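Okay, structure first, notes after.
The values are calculated or read from the model by the stated rules, or taken from the named source; none is laboratory data. Worth saying up front: this structure is predicted, and the values here are computed from it rather than measured. Cβ placement follows ideal geometry from the backbone for every residue including glycine, while neighbour counts extend to all protein chains displayed. What goes into the accessible areas is simple: the full protein's heavy atoms, side chains included, and nothing from ligands, DNA or RNA. Shrake-Rupley method; radii C 1.70, N 1.55, O 1.52, S 1.80 Å.
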Amino acid sequence: MFKVIDESFVCENCKKQVEKLGYSCRNHCPYCLYSKHVDKDPGDRLENCHGLLKPIGIETSKKGYIILFRCEKCGQIRKNKVAEDDSMEKIIELSVNKTNI
């Protein structure tokens, strides 16, 4: 089940203010691409881990580019679509730097 939550937040990794996405749900910081492990299913906020999700790679799919994340606390892997305002510099770094995976 997908629960729509689009809210602003302060990134716990880079400390920048992140505004709402506006056309979908904001899942990660557009500046450093980090996320937070708060959902079991998208938008449910039921995950107890609350570790930082480090971006570790990029995949391509029919939906476009997908960011791969690894939780720094529990090690779980998560995925999320690239947003229109994500840092292309960071996305390119992830696509060429295979040492993070």
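Just tell me which aspartates and glutamates come within less than 13 Å, Cα to Cα, of LYS73; anything on the same chain fewer than 8 places away is out.
GLU47
Only helical DSSP H runs with n ≥ 4 go in: add -39500 (n - 2.57) per run for the chain, normalise by residue count and round the 222 nm mean residue ellipticity to 500 deg cm²/dmol.
-2500 deg cm²/dmol
Select from GLY51, HIS37, SER61 the residue farthest towards the positive end of the dipole of region 29-81; place +1 on Cβ of Lys and Arg, -1 on Cβ of Asp and Glu, and compute about the Cα centre.
SER61
Of the listed values (i) 13.7; (ii) 14.7; (iii) 15.3, grab the one calculated as Kirkwood radius over Cα pairs in Å from the structure here.
It is the value labelled (i).
Residues with amide H under 5 Å of GLU47's amide H, sequence separation 5 or more or different chain, H placed in the peptide plane at 1.01 Å from N; which?
For GLU47, whose amide H was placed from the backbone, the distant partners under 5 Å are ASP39, LYS40.
Quick one: which residues, 5 or more positions from ILE56 or on another chain, have an amide H under 5 Å from its amide H? H modelled 1.01 Å from N in the peptide plane, none for Pro or chain starts.
The list, which skips near neighbours in sequence, is LEU68, PHE69, ARG70.
What dipole magnitude, in Debye to the nearest 20, does the chain give about its Cα centre under +1 on Lys/Arg Cβ and -1 on Asp/Glu Cβ?
On the way: 18 positive and 15 negative charges, 53 e Å.
My answer is approximately 260 debye.
For region 6-90, with every protein chain kept in place, what is the accessible area per residue (1.4 Å probe, Å²)?
In whole numbers, region 6-90 has 60 Å² accessible per residue.
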